[in-house]
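> Got a structure here, written out as structure tokens. Questions coming.
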Amino acid sequence: MLTDRIFFLKETPTTNRVAYDLASKGESAGTAVIAESQAEGRGRLGKVWQSPPGKGLYCSIIVRPRLAVEDYPKITLTAGLAVAIALEEVSGIEMRLKWPNDIYSQGKKCCGILTESCSLTEESDKRFAIVGIGVNVNSEKSDFASELQDKATSLHILTGSDYDVRAVFDHVRRHLFAKLALFESAGFAEILEDWRKRDMLLGKWLQWVSTSGEIIHGRSEGPDDIGRLMVKDKEGKTHQILSGDISLAEKIARKDVP
Ligand code: BTN
């Protein structure tokens, strides 16, 4: 059963933590925590998500999809696709996906998602994930830290309009649960096909830091059937990336490009 319960908070360290604690105590799927601002907004890989009041949507949604344990990591890509579609619906502007689930528009980041699962050894009826979504909604360029001003965008910057953050949330939530229901009923293939249509990295030269700390360059071949990013290096070896910070490496010397 899905609830549409929402906890509105004026300020919190991070909505993901609040939602995680609620879900651990049995709170139902569908429940969301929305904060006006976050003091310690968290991004992937230990980064900070700047969360000033009135500028963005900062929400964490509890999901409990009936999926096998091995399918839980695919919630990440599913959420990215759902939120990208929701933001396109709200703004009328095309959104692209940067693996695993950043949302970009016109080459700049508009939304980040941090999905955190409970221990996957939990019994299936207790299993949950928290989908933490940060959308730059009404931010002006000057609202971003100086190092982000050329990398980040917002719905307002993209369209010149102001948005009701609650209305953005409603679109996001509806599409998230629609895509999760599709996953449960029909599997991951259709979601992946749609995801690949919005893949902003496909065919691009990338660099990333391997688990052993080495910087590797390669060309993106997009996500494989279970959502890992496939990258072919210049020796022709394909790497399957599970997680990490992927950056575009457009400026690699031409001699490195086969
Ligand atoms: C990223 O881009 O690395 C992910 C950013 C996720 C930010 C959202 S804001 C709501 C939720 N609470 C958090 O602390 N993080 C997520």
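> If you take every residue apart from Glu27 with its C-beta less than 10 Å away from the C-beta of Glu27, what net charge results, scoring Lys and Arg +1 and Asp and Glu -1? Don't jump to the answer; show the numbers that get you there.
Values: positive: Arg5, Lys25, Arg64; negative: Asp21.
Once all neighbours under 10 Å are counted, the net charge is +2.
> Where does the charge balance sit around Leu180 when Lys and Arg score +1, Asp and Glu -1, over other residues with C-beta under 12 Å from its C-beta?
Values: positive: Arg64, Arg66, Lys74, Arg173, Arg174, Lys179; negative: Asp71, Glu184.
Charge balance near Leu180 sits at +4.
> Same structure, new question: Kirkwood Rh and Cα-based Rg: tell me the resulting Rg over Rh for the range 205-248, rounded to two decimals.
Values: Rg = 9.5 Å, Rh = 10.3 Å.
Computed over Cα atoms, the ratio is 0.92.
> Between Ala29 and residues 5 or more places away or on another chain, which pairs have amide H atoms under 5 Å apart, with H built 1.01 Å from N, and which residues are they?
Thr3
> Something else about it: Which ³J(HN,Hα) values in Hz, rounded to whole numbers, follow from the phi angles of the range 104-115 under the Karplus curve 6.51 cos²θ - 1.76 cosθ + 1.60, where θ = phi - 60° and Gly and Pro get x?
10, 9, 6, x, 10, 7, 10, 7, x, 10, 10, 9
> Residues in the range 21-44 near a label at Met1, defined as backbone nitrogen under 12 Å from the 7 Å Cα→Cβ point?
Residues passing the 12 Å test: 28-29.
> Let me ask something additional. Taking the Cα-to-Cβ direction at Glu70 and at Leu202 and moving 7 Å from each Cα, how far apart do the two end points lie in nm?
Output for this residue pair reads 2.6 nm.
> Which value in Å does the Kirkwood hydrodynamic radius of the range 84-162 take, with 1/r averaged over all unlike C-alpha pairs and then inverted? Mind dumping the intermediate values first?
Values: mean 1/r = 0.0720 Å⁻¹.
Final number for the Kirkwood radius of the range 84-162 is 13.9 Å.
> DSSP loop GluC sites (Glu not before Pro) in the range 1-76 with at most 15 other Cβ atoms within 10 Å of their Cβ, which ones?
Numbers: sites: Glu11, Glu27, Glu36, Glu40, Glu70; in loops: Glu27, Glu40.
Taking the range 1-76 and a limit of 15 other Cβ atoms within 10 Å, the loop GluC sites (Glu not before Pro) found are Glu40.
> What's the exposure ranking of Cys59, Cys118, going from fewest to most Cβ atoms within 10 Å? Please list the in-between numbers first.
Values: Cys59 25, Cys118 16.
Fewest-to-most ranking of Cys59, Cys118: Cys118, Cys59.
> Dividing the Cα convex hull volume of the chain by residue count, how many Å³ per residue is that?
Numbers: hull volume 33.9 nm³, N = 258.
Hull volume normalised by residue count: 131 Å³.
> Here is a follow-up. Once you place label points 7 Å from the Cα toward the Cβ at Ser210 and Lys25, how far apart are they in nm?
Computed distance between label sites Ser210 and Lys25 equals 4.6 nm.
> Now for a separate question. Determine ³J(HN,Hα), in whole Hz, for all residues of the range 180-192 in sequence, where each value follows from phi through the Karplus function 6.51 cos²θ - 1.76 cosθ + 1.60 and θ = phi - 60°; x replaces Gly and Pro.
With the stated coefficients, the range 180-192 comes to 5, 5, 5, 4, 4, 8, 10, x, 8, 4, 5, 5, 5 Hz.
> Expected output is a single nm value to one decimal: the length gained when fully extending between Asp170 and Cys118, i.e. 0.36 nm times separation in residues minus the C-alpha distance. What is it? Provide the component values of the computation, followed by the final result.
Working: separation 52, 0.36 × 52 = 18.72 nm, distance 2.47 nm.
That pair, Asp170 and Cys118, stretches by 16.3 nm at full extension.
> Output ³J(HN,Hα) for the range 146-151: one whole-Hz value per residue in order, computed from phi by the Karplus curve 6.51 cos²θ - 1.76 cosθ + 1.60 with θ = phi - 60°, and x for Gly and Pro.
Once θ is set to phi - 60°, the couplings for the range 146-151 become 4, 6, 9, 4, 9, 10 Hz.
> Can you give the helix-only mean residue ellipticity at 222 nm for the chain, where every DSSP H stretch with n ≥ 4 adds -39500 (n - 2.57) and the sum goes over all residues, rounded to the nearest 500 deg cm²/dmol? Walk me through the intermediate numbers first.
Numbers: 5 runs with 63 residues, N = 258.
Mean residue ellipticity, 222 nm, calculated: -7500 deg cm²/dmol.
> Please list, in chain and number order, the residues 5+ apart from Phe7 or on another chain whose amide H is under 5 Å from its amide H, with Hs placed from the backbone.
Ala32, Val33, Ile34
> Going by how many other Cβ atoms sit within 10 Å of their own, how do Lys109, Lys141 line up, fewest first?
Lowest count first: Lys141, Lys109.
> Report, by chain and number, residues whose modeled amide H sits under 5 Å from the one on His217, excluding near sequence neighbours (fewer than 5 apart, same chain).
none
> Hey, any idea what the orientation-averaged projected area of the convex hull of the range 41-82's Cα atoms comes to, in nm²? Could the numbers behind the result be given before it?
On the way: hull surface 16.3 nm².
Projected area, direction-averaged: 4.1 nm².
> How much length, in nm to one decimal, is gained on full extension between Lys141 and Thr159, taken as 0.36 nm per residue of separation minus their Cα-Cα distance?
Values: separation 18, 0.36 × 18 = 6.48 nm, distance 1.30 nm.
Contour length minus the Cα-Cα distance gives 5.2 nm.
Where a number appears in this text, it was derived from the coordinates with a stated rule and is not lab data. Predicted model, so just to flag it, every value in this text is computed and none were measured. Every residue, glycine as well, gets a Cβ built from its backbone with ideal geometry; the counts of neighbours run over all protein chains shown.
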